[in-house]
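Enquirer: I'd like to ask some things about the structure below.
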Amino acid sequence: MADTGPVKSEDTPFEGGPMDGRVLPVLVGPTGQPPRTYRIPVPDAAGGPPTVLVYRRVPRGHGKRLGLPAGWKYAYDPEGKKDNKLKWPWSKPDATPGGKPDDADG
């Protein structure tokens with residue numbers, strides 16, 4: 001196997017929740033971006049199942065010329081819902097809009 005070189009990481013700030021104000025090195029992917037969701041397992045003091053803190057990646061700011069994200073930060077997601085589904089443009093929405101499915105008037 002060929003050596004891929006050093007693993008790249010980026011110092012990323014965390015906002016909200018127990019990690020508020022901390023900056024941690026987060027591994028970046030092949031595109032140079034950190035993962036969309038960052039999960040931190042926190043062990044239970046009583047020996048029960050660990051609590052998982054969920055943080056979502058949001059833009060830190062935008063550049064002046066092109067409006068591209070100038071970096072990333074993680075914002076606390078207290079609900080911590082899993083979003084494992086791929087969001088294809090041709091996929092049907094999760095919920096049906098108001099009215100009955102057979103109703104032509106909506």
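We did not get these values from a lab; they are worked out from the coordinates using the rules stated. Note that the structure is predicted; figures quoted are calculated from it, not measured. Cβ coordinates were reconstructed from backbone atoms using ideal geometry, including for glycine residues, and neighbour counts include every protein chain displayed.
Enquirer: What is the Cα coordinate range of the stretch 9-76 on the first, second and third principal axes, sorted by size from largest, in whole angstrom?
Expert: 52, 25, 15
Enquirer: Ok, one more. Tell me, W88, W72 in order of fewest to most beta-carbon neighbours within 10 Å?
Expert: W88, W72
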